[in-house]
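Student: Sending over a structure as structure tokens; questions will come in a sec.
The values are calculated or read from the model by the stated rules, or taken from the named source; none is laboratory data. Note that this is a predicted model, so its numbers are computed, not measured. Every residue, glycine as well, gets a Cβ built from its backbone with ideal geometry; the counts of neighbours run over all protein chains shown.
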Amino acid sequence: MRSHYCGSLGSENIDQEVTICGWVDRRRDHGGVIFLDMRDREGIVQVVFDPDTEEHFATADRVRSEYVLKIRGRVRARDGATVNANMKTGEIEVLGKEIEILNESETPPFQLDDHTEVGEDVRLRYRYLDLRRPQIADKLRLRARITSVLRRYMDEQGFLDIETPILTRATPEGARDYLVPSRTHSGKFFALPQSPQLFKQLLMVSGFDRYYQIAKCFRDEDLRADRQPEFTQIDIETSFMDDKAIMAVAEGMIRDLFKEVMGLDLGDFPQMPYSEAMSRFGSDKPDLRIPLELVDVGDLMTEVDFKVFSGPAKNPKGRVAALKVPGGNDKLSRKQIDDYTKYVGIYGAKGLAYIKVNDKSDLEGGLQSPIVKFLPEPVRAAILERVGADNGDLIFFGADSAKVVNEALGALRCKLGEDLNLYTAPWAPLWVVDFPMFEEDGNGGLTSLHHPFTAPSCSPEELEKAPADALSIAYDMVLNGTELGGGSVRIHRPAMQEAVFRVLGIGDEEAREKFGFLLDALKYGAPPHAGLAFGLDRLVMLMSGARSIRDVIAFPKTQSAACVMTDAPGVVETRQLSELSIRVRKNEE
């Protein structure tokens with residue numbers, strides 16, 4: 001039906017007869033000449049109809065925005081004064097000879113251009129129209145190119161693209177499962193996979209030593225800007241590779257991707273232990289573009305009368321940390337400081353103490369803060385020296401449990417970096433390594449920091465003797481403060497897997513019920529294996545400059561995990577529920 005895409009035409013097509021199909025982006029009538037901007041997935045081209053083609057000129061005169069047209073015409077160069085440098089096709093236009101209306105259109109509920117601000121609820125309700133907008137369509141085109149480059153890289157590295165089941169059994173992976181009732185097995189349920197984790201490990205046992213998949217995953221959890229109930233990950237698993245080897249493959253993939261798609265060399269990927277990342281940045285995914293760091297000052301606060309500081313300083317699980325903002329006195333007003341105090345409250349902080357350094361040589365009158373009176377002069381001097389303060393600097397403090405301080409000051413650090421435009425580079429990749437095996441679950445027990453199939457860097461005996469001190473052979477790739485992906489060396493010996501289950505309080509019966517097939521597989525010559533998974537949606541979001549992964553997914557859900565376009569989830573007929581042996585009970589008020 002078409003010979004060319006609208007957006008693919010250029011000066012090389014001048015004097016050619018072409019047939020294009022697409023939508024009317026804009027119609028203009030200038031002194032008896034009609035201009036139609038025709039749009040398709042590749043872009044926009046200008047079409048001109050003059051009265052010489054009387055029949056087709058009359059047709060062009062009655063078309064409106066979003067009509068679907070087929071046009072035949074001749075490509076010609078624009079006059080120098082009318083060249084549009086802002087359009088890919090701005091050097092040429094099509095002189096229309098024939099026009100056919102393939103379909104008409106009602107007036108859309110919003111203007112389909114890059115400059116119209118539309119509420120997200122309206123955009124998602126009419127997502128099929130929103131996807132016509134160049135700013136959204138370009139992101140999906142970029143996504144397609146990214147997946148193409150990734151697949152080619154993995155194929156060249158000898159990986160096999162193997163699909164794993166979507167209907168599986170529920171397994172504990174840190175979030176709620178989406179359950180699917182079985183009609184043929186009354187009272188039983190499948191679960192949609194949170195990841196292909198167990199199946200890709202079984203593939204390693206099967207001898208498929210290099211596996212990858214662009215996999216759909218599902219998690220029934222609270223949503224944020226970078227979360228969706230269904231998402232896509234680049235899933236990778238290898239046998240006979242240690243952590244350094246698989247990290248090299250993954251790093252090569254991302255470097256190759258950025259170079260080919262964006263023409264960027266990401267440079268070196270430094271490695272940082274988890275403990276250092278938390279100490280310096282309060283986060284296990286630090287944004288290294290921001291030159292601000294947390295500095296421990298708890299040892300200076302143990303004897304002060306100010307219990308807000310001395311209490312956490314004396315608590316083994318507490319932390320008192322400082323965050324210096326160079327030149328912050330002039331950059332931040334009192335109102336902004338109050339706003340930041342409210343901001344850290346989101347992360348559990350009860351307040352945000354600060355000191356303005358007006359004159360660091362005057363420890364009595366040169367420091368401005370409500371808390372200075374509680375700090376003896378030697379403590380003040382030690383704080384200024386510890387953080388490297390200069391005149392004009394502003395120092396924020398966090399004092400609470402280590403978890404609250406890290407989350408609050410870590411988030412504040414990123415907020416300051418964005419608000420004050422402190423970024424020192426456009427891109428900052430990083431590997432975070434040496435994660436703890438376990439973390440406290442809040443009930444006096446331990447839970448896996450990643451998942452229970454992650455290999456520790458110690459023996460089973462050492463693990464069970466001091467589980468809280470054990471480190472895992474795990475690694476996360478971070479880019480600009482976003483976790484692109486992560487993985488680990490897996491447990492491939494039954495004795496180690498059983499030791500981990502015991503630490504987690506998973507008894508033999510429960511382990512057999514939930515993971516019997518994996519435990520059995522480990523008995524039959526399971527090779528050493530490792531893997532990782534990248535969040536494709538997050539990767540595209542970063543590379544496209546989008547603010548939410550919803551902008552890089554064709555048909556995303558809202559933050560309440562609903563699809564306003566199809567009105568899903570929806571009510572199911574009683575007959576269907578009856579076939580599944582399910583009865584819906586209304587929640588009592």
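Student: Can you tell me which residue among Phe231, Phe269, Phe240, Phe258 is under 19 Å from Thr164 (Cβ atoms) and not acidic (Asp, Glu)?
Tutor: Exactly one residue qualifies, and that residue is Phe231.
Student: State yes or no: is Val75 touching a Cys at 6+ places or on another chain (Cβ under 7 Å), in the same structural domain as Ile99 (by TED's automatic domain parsing) and either under 26 Å from Phe110 (Cα atoms) or assigned to a strand (DSSP E or B) (or both)?
Tutor: Here the answer is no, as Val75 does not meet what is asked.
Student: I want to confirm something. Restricting to the range 371-395 and keeping residues that are surrounded by fewer than 16 Cβ atoms within 10 Å (Cβ to Cβ) and free of Cβ contacts under 8 Å to residues at least 24 places away in the same chain, which single residue is nearest to Lys324 (Cα to Cα)?
Tutor: Once the filter is applied, the top-ranked residue is Glu385.
Student: Which one of Ser195, Ser206, Ser239 is without any contact (Cβ under 8 Å) to a residue 12 or more places away in the chain and of a type in the set (Ser, Thr, Tyr)?
Tutor: Ser206
Student: So, Lys88, is that one assigned to a loop (DSSP other than H, G, I, E, B), in contact with a helix residue (DSSP H, G or I) (Cβ under 8 Å, 6 or more places away or on another chain) and among the charged types (D, E, K, R) or not?
Tutor: Yes: the conditions hold for Lys88.
Student: Within the range 387-410, how many residues turn out to be in contact with a helix residue (DSSP H, G or I) (Cβ under 7 Å, 6 or more places away or on another chain) and among the hydrophobic types (A, V, I, L, M, F, W, C)?
Tutor: 5
Student: Of the numbered conditions (1) of a type outside the set (Gly, Ala, Ser); (2) in contact with a strand residue (DSSP E or B) (Cβ under 8 Å, 6 or more places away or on another chain); (3) crowded, with 17+ Cβ neighbours inside 10 Å; (4) closer than 25 Å to Leu449 by Cα, Leu179 satisfies every one except a single condition; which is it?
Tutor: Unmet for Leu179, out of (1) of a type outside the set (Gly, Ala, Ser); (2) in contact with a strand residue (DSSP E or B) (Cβ under 8 Å, 6 or more places away or on another chain); (3) crowded, with 17+ Cβ neighbours inside 10 Å; (4) closer than 25 Å to Leu449 by Cα: (3).
Student: I'd like the residue in the range 446-457 that is modelled with pLDDT of 95 or more and in contact with a Leu (Cβ under 8 Å, 6 or more places away or on another chain) and, out of all such residues, is farthest from Leu198 (Cα to Cα).
Tutor: Ser457
Student: Answer yes or no as to whether Pro286 is in the same structural domain as Glu377 (by TED's automatic domain parsing) and either of a type in the set (Lys, Arg) or in contact with a Gly (Cβ under 8 Å, 6 or more places away or on another chain) (or both).
Tutor: Criteria not met by Pro286.
Student: Then there's this: Filter the range 11-45 down to residues that are at pLDDT 95 or above and assigned to a loop (DSSP other than H, G, I, E, B), then give me how many there are.
Tutor: The total comes to 3.
Student: Another question, if that's okay. So the check is Cβ under 8 Å with 6+ separation or different chains; which pairs have a first residue in the range 130-146 that's closer than 17 Å to Pro109 by Cα and assigned by TED's automatic domain parsing to the domain that holds Arg41 and a second one that's at pLDDT 95 or above and surrounded by 17 or more Cβ atoms within 10 Å (Cβ to Cβ)?
Tutor: If the second residue must be at pLDDT 95 or above and surrounded by 17 or more Cβ atoms within 10 Å (Cβ to Cβ), no pairs are left.
Student: What are the residues in the range 1-38 that are touching a residue at least 24 places away in the same chain (Cβ under 8 Å) and among the hydrophobic types (A, V, I, L, M, F, W, C), if any?
Tutor: Answer for the range 1-38, where residues must be touching a residue at least 24 places away in the same chain (Cβ under 8 Å) and among the hydrophobic types (A, V, I, L, M, F, W, C): Met1, Cys6, Leu9, Ile14, Val18, Ile20, Cys21, Trp23, Val24, Ile34, Leu36, Met38.
Student: What are the residues in the range 5-53 that are surrounded by fewer than 16 Cβ atoms within 10 Å (Cβ to Cβ) and farther than 30 Å from Lys139 by Cα, if any?
Tutor: Asp15, Gln16, Glu17, Asp29, His30, Gly31, Gly32, Val33, Asp50, Pro51, Asp52
Student: Looking at the structure I just gave you, is Gly252 of a type outside the set (Val, Ile, Thr), closer than 30 Å to Ile473 by Cβ and part of a loop (DSSP other than H, G, I, E, B)?
Tutor: So Gly252 does not fit the description; no.
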